[in-house]
Amino acid sequence: MWFQTSCDLAFDVIEPTPFVLMLRPRSGPQQWLAREEYRLVPSVPVSEFTDVYGNLCQRLIAPPGHFSVHTAAEVMISDRVERAPGAPFVQVQDLPDEVLSYLLPSRYCESDRFYNMATEITAGQLLGYDQVSAIEDWLRNRIKYLPGSSNYPASAIEVNNRQSGVCRDLSHLGIALCRSMSIPARMVVGYLYELEPMDMHAWFEAYVGGRWYTFDATQAGLRNGYIVIGYGRDAADVAVYNQFGLPVTITSQDIQVQRIDAQS
């Protein structure tokens, strides 16, 4: 399936301001990037690097005044989001080295505080995928998904206490619950076709049965249309932009995802 994505961000900048952007989708096992656009107004020098999680990041200094970023891409993804009930738990000693960091507590995922809660939620489930699926169902039924209710990430503990949050917040709690049982879990940020209301989206993946699987408690059920921009331990690693110095004002944001029949 082919999709066209676009992201337009506009800022008012007070003084020359360093930015790190993470707005370029990348090709991987589940998606292929065929074409992309990247435009800055005014045009400024940009350098690109790949972070420790393999995400494509851009560094620049935005000049004072109005500054805008436009990105667009044509992406082919798998025809379905794979599910694997019964996929087994992978013993820690058998995990690939690159997966181990997703077992540890992180800034917004205090997994060392959730073991008892996680074992209650997953009681009676087969170890592995079925445990994560039980966590996903619990989040969907118990934590209220409120799009646009917060501009700042909330930690898993905060989300559990207030029983509501935006997509990244529910992901933080899901990740913390998984990690508490030694199931690697990571945050994913990107686009979701027909998301309502349309915005950037966050979900989580868990490593069971020897690979990563998608989970998203904010939707009634998994459907096709997930397009990945970046991976990380939590929201601190997958911000689509970070700016440094005096705060800037974001004056507009427009996210679009359209299905296209084939690569044009």
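Readers should treat all values here as calculations from the given coordinates under stated rules, not as data from a laboratory. Since the structure is predicted, the reported quantities are computational estimates derived from the model, not experimental observations. A quick note on method: Cβ atoms are made from the backbone with ideal geometry, for glycine too, and the neighbour counts reach across all protein chains shown.
A few notes on this one:
- Nearest-0.05 FRET efficiency for Ala72 and Glu194, computed from C-beta distance (R0 22 Å): 0.75
- Separation of the Arg142 and Glu48 label points, Cα + 7 Å toward Cβ, nm: 4.3
- Likely footprinting exposure, Arg211, Arg24, fewest C-beta neighbours within 10 Å first: Arg211, Arg24
- Order of Glu74, Glu205, Glu194 - criterion: other Cβ atoms within 10 Å of each residue's Cβ, fewest first: Glu194, Glu74, Glu205
- Separation of the range 7-55 and the range 67-114, taken as the distance between their Cα centroids, equals 21 angstrom.
- The calculated FRET efficiency for the pair Asp112 and Val20, based on their C-beta separation and a Förster distance of 22 Å, comes to about 0.15.
- At R0 = 30 Å, FRET efficiency that the Cβ-Cβ distance of Leu126 and Ser164 yields, to 0.05: 0.50
- Residue of Leu127, Leu177, Leu103 that the Gaussian network model of the chain assigns the largest fluctuation, springs spanning Cα pairs under 10 Å: Leu127
- Tilt relative to the chain, helix 129-142 - C-alpha long axis, 0 to 90 degrees, to 10: 70
- Between Gly174, Gly148, Gly128, the Gaussian network model of the chain with springs among Cα atoms under 10 angstrom shows the greatest mean-square fluctuation at Gly148.
- Added length on full extension, which subtracts the Cα-Cα distance from 0.36 nm per residue, Val92 to Asn224: 44.5 nm
- The chain - share of DSSP beta bridges that are antiparallel (%, nearest 5): 95
- The ellipsoid that matches the Cα gyration tensor of the range 92-237 has semi-axes, each √(5λ) in whole angstrom, of 21, 17, 15, with the longest given first.
- Based on the Kirkwood approach, the hydrodynamic radius assigned to the chain is 19.2 Å, with every pair of different Cα atoms included.
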